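Each remark here refers to the structure printed beneath this line.
The values are calculated or read from the model by the stated rules, or taken from the named source; none is laboratory data. As the structure is a computational prediction, the values presented were derived from the model and not from experiment. Note that each Cβ is placed from the backbone with ideal geometry, even for glycine, and that neighbours are counted across all protein chains shown.
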Amino acid sequence: MFKQAFKNIDDILHKDAGCGSELDYVEQTSWVLFLKYLDDLERDKATAAELSGKTYATIIAPEYQWSVWAAPKNLKSGSVSEVELDYHTALTGDDLADFVNIQLFPYLKKFKTTADSADTIEYKIGEIFSELKNRIQSGYNLREVINRIDELRFRTHAEKHEMSHLYEDKIKNMGNAGRNGGEYYTPRPLIKTIVKVVAPEIGNKIYDGAVGSAGFLCEAFEYLKHPSTSSGQRRELTTKEYEILQKNTFYGKEKKSLAYIIGTMNMILHGVEAPNIVHTNTLAENLADIQEKDRYDVVLANPPFGGKERAEVQQNFPIKTGETASLFLQHFIKILKAGGKAGVVIKNTFLSNTDNASISLRKLLLKNCNLHTVLDLPGGTFTGAGVKTVVLFFDKGSSTKNVWFYHLNLDRNLGKTNALNEKDLADFVELQKTKAESENSWSINVKDIDQTTFDLSAKNPDKKEAAALRQPQEILEEIRALDSESTAILKSIVDLL
């Protein structure tokens with residue numbers, strides 16, 4: 001249902017003059033999808049209130065509700081239960097475009113100033129529509145998009161799960177549509193694996209300072225929705241636990257407007273009603289200003305690599321560098337609570353770079369944290385990124401003594417049509433539990449690494465080295481010997497004739 005609807009919507013938007021790329025398709029589908037989801041959410045809350053003998057006050061005023069402006073319905077002719085769109089009152093063309101641009105969006109923006117607090121869905125609605133703009137120029141195209149989305153339902157758990165899964169696919173397409181797409185999308189199998197290894201618990205405050213499309217926070221929410229019992233069985237959340245997940249668990253910061261909006265909506269569509277995501281430049285915060293109350297139990301992140309920050313931003317960090325990912329790593333170490341856990345994706349050159357900043361950062365990480373695991377990923381893990389990456393797993397509060405390395409060695413090349421999957425990472429997840437050594441995993445003692453460079457680019461001691469190439473002189477000598485042997489054999493043949 002959702003897959004075909006999304007495809008049809010893309011085909012409609014492709015014809016619209018205001019939408020020129022996959023980025024626009026995702027953005028414009030998102031706000032319409034969000035309003036339909038919000039309408040279904042309000043219906044569910046009204047039903048629940050009615051069943052408990054209470055009344056529910058709707059968030060959206062009657063004249064701006066989906067069933068009034070977007071999809072007014074009539075009973076089908078000859079039916080007592082089925083309804084269809086009321087084409088006589090449903091806005092379309094210029095009337096629809098004018099209503100959305102002049103009335104609907106300004107109304108929704110006002111929620112940001114009228115909401116009781118920033119941790120409410122009302123405030124998030126205001127933030128979303130303060131940042132977004134309707135780019136669908138044709139009111140007739142917009143009517144078609146609305147009709148397609150109106151056919152979708154978000155009432156059951158299965159429907160919501162399917163929708164959120166396919167929405168992730170749209171975000172993936174957005175992430176791959178342009179040079180900076182990698183800032184938006186991290187492969188879901190990798191995120192799920194990182195969450196499994198870090199293993200957050202209910203009551204933890206989980207943070208991503210480069211939140212992007214909020215993939216890490218969404219997967220952490222899915223992971224925590226069904227916690228394990230002591231026997232390993234999954235159980236349902238209590239009401240109190242669910243409230244903790246909704247309000248006091250997930251936190252993020254994002255610099256870029258579109259990523260911030262997509263991330264916020266992604267979390268709401270996954271079921272977190274008022275995500276604690278802030279639109280800000282994380283790196284503009286001075287590390288010296290971070291206090292205990294600002295810290296988190298868990299950090300899950302894939303900060304953008306390859307970016308450069310201005311000199312004034314670098315002044316916020318004790319280790320000065322223009323490399324964005326290195327600044328983020330300092331931020332993550334500082335903002336973790338003592339005993340906190342982290343899983344952070346970073347370029348593999350971090351392990352061996354010889355510049356002063358990289359050396360100082362490795363020393364800081366090994367001294368202040370227990371870097372217990374490094375997952376070395378193959379090229380192609382990030383579609384179009386063109387760099388190799390590693391995942392650093394560390395706990396804050398004790399220095400590193402031993403580091404367990406795992407080299408993900410696949411028998412195929414990764415790419416757009418041959419992406420990383422969870423099965424590829426299953427061996428890593430299993431071996432990581434005991435830090436077992438294998439053909440692809442090994443451990444090093446930090447005392448054995450160079451204590452001036454703290455180079456962590458350790459090679460697997462059990463891996464068979466490829467035979468060394470011979471020297472040119474040796475090869476030439478062998479050619480001469482073979483030539484001489486061939487000449488002797490040819491002479492003996494001639495003598496026999």
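A single entry from S117, S138 fulfils the requirement of being hydroxyl-bearing (S, T, Y) and exposed (fewer than 14 other Cβ atoms within 10 Å of the Cβ): S117. Scanning the range 422-438 for residues that are among the acidic types (D, E) and under 16 Å from L410 (Cα atoms), we see that the one that is surrounded by the fewest Cβ atoms within 10 Å (Cβ to Cβ) is E422. Determine, yes or no, whether I149 is within 27 Å of L258 (Cα to Cα) and in contact (Cβ under 8 Å) with a residue 60 or more places away in the chain. So I149 passes the test. Screening T29 with (1) within 23 Å of the chain's Cα centre (by Cα); (2) part of a strand (DSSP E or B) gives one miss only, at (2). If you go through the range 356-401 and keep only what is surrounded by 17 or more Cβ atoms within 10 Å (Cβ to Cβ), touching a Ser or Thr at 6+ places or on another chain (Cβ under 9 Å) and among the β-branched types (V, I, T), you end up with I359, T381, T389, V391. Among the residues making up the range 300-320, those that are more than 17 Å from V387 (Cβ to Cβ) and either of a type in the set (S, T, Y) or surrounded by 14 or more Cβ atoms within 10 Å (Cβ to Cβ) (or both) are L300, E309, V313, Q314, N316, F317, I319, K320. For the range 230-285, residues that are outside any strand (DSSP E or B), surrounded by 16 or more Cβ atoms within 10 Å (Cβ to Cβ) and among the charged types (D, E, K, R) total 4. Taken over the range 362-412, the criterion of being among the basic types (K, R), at pLDDT 95 or above and under 17 Å from Y185 (Cα atoms) is satisfied by no residue.
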